[in-house]
Amino acid sequence: METKEVLFPQIVTKETVSEKAYQTLKTLLESGKIPPGHKLPSEDELARQLNISRVTLRSALLKLELLGYVVRKRGVGTFAVGLPKKNIGAGIERLVSISDVMRQRGHVPGTREITIIGMNADETMAKELDLQIGDPITVINRVRTMDEVPVIYDSSIFPSKLVPQEITTNEIGGSLFAYLLKNKRWNITHAVARLAPAIADDFLAEKLCIKKGTLLIRLIQTHYVEDDSPVFQATLSFPDNEFTWYIVRTR
């Protein structure tokens, strides 16, 4: 009699069960045993196969969804999303921390350099951030690294009334989101983003340690708080073979 292969092993552990469930499913997704586009079993069936509760399973699935491993559609099901191991990717429909995405893929995020520039808003930026033309703005440029290798050039623009031009790199810390929440009580809830192609010029080629003329992807997004007030605009430039964003589209 043929023995049916068990894809979802029962979880018996003294560790946090939701974390173990997350790691188990993450391994299956990364190994390709759950291929891209594959629909996972229903929550009831998957919880039964993993020997965990639905509440625990939902916690694990939420974490996988936030990091772009799966997409969940109410009334339809949960589907696997293909994620190459060497190419860091995340769903553009989710506002997630790049540092968190790197950590969850087993990499170490970092910042190689930070420069802070005081400028005045032109017509485009004034419209984007609901300012007057000529209002002071603060530009924070960062070279973001993964395992100490530069992969993203991040240029973020703030109204100076929110982030002063005299701010120091120590005050900024490792996360702009965390700085805004801790120091300004501003919790970023959503962003409007667009993707655009670009070519590495001399400046970006030097910053990202790549050849001039390398194809880049730019993620340009304006961040908002709950009442739809714009807070800052960020432009991330990166080689498409290092960091990608995908969009899950359904009917």
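The values are calculated or read from the model by the stated rules, or taken from the named source; none is laboratory data. On a predicted model such as this, the values are computed, not experimentally measured, just so you know. Note: ideal-geometry Cβ built from the backbone for every residue, glycine included; neighbour counts use all protein chains shown.
Listed values, structure above:
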quantity: Segments classed as strands (runs of 3 or more DSSP E), wholly inside the stretch 63-108, with at least 1 members that are small (Gly, Ala, Ser), surrounded by fewer than 17 Cβ atoms within 10 Å (Cβ to Cβ) and modelled with pLDDT of 75 or more; calculated: 77-80
quantity: Total residues in the stretch 116-152, condition among the β-branched types (Val, Ile, Thr), without any contact (Cβ under 8 Å) to a residue 60 or more places away in the chain and assigned to a strand (DSSP E or B); calculated: 7
quantity: Filter result for the condition that a residue is free of Cβ contacts under 8 Å to residues at least 12 places away in the same chain, farther than 24 Å from ASN120 by Cβ and outside any strand (DSSP E or B), over LYS212, LYS182; calculated: LYS182
quantity: Residue that is surrounded by the most Cβ atoms within 10 Å (Cβ to Cβ), among those in the stretch 163-198 that are over 22 Å from the mean Cα position of the chain (by Cα) and hydrophobic (A, V, I, L, M, F, W, C); calculated: VAL163
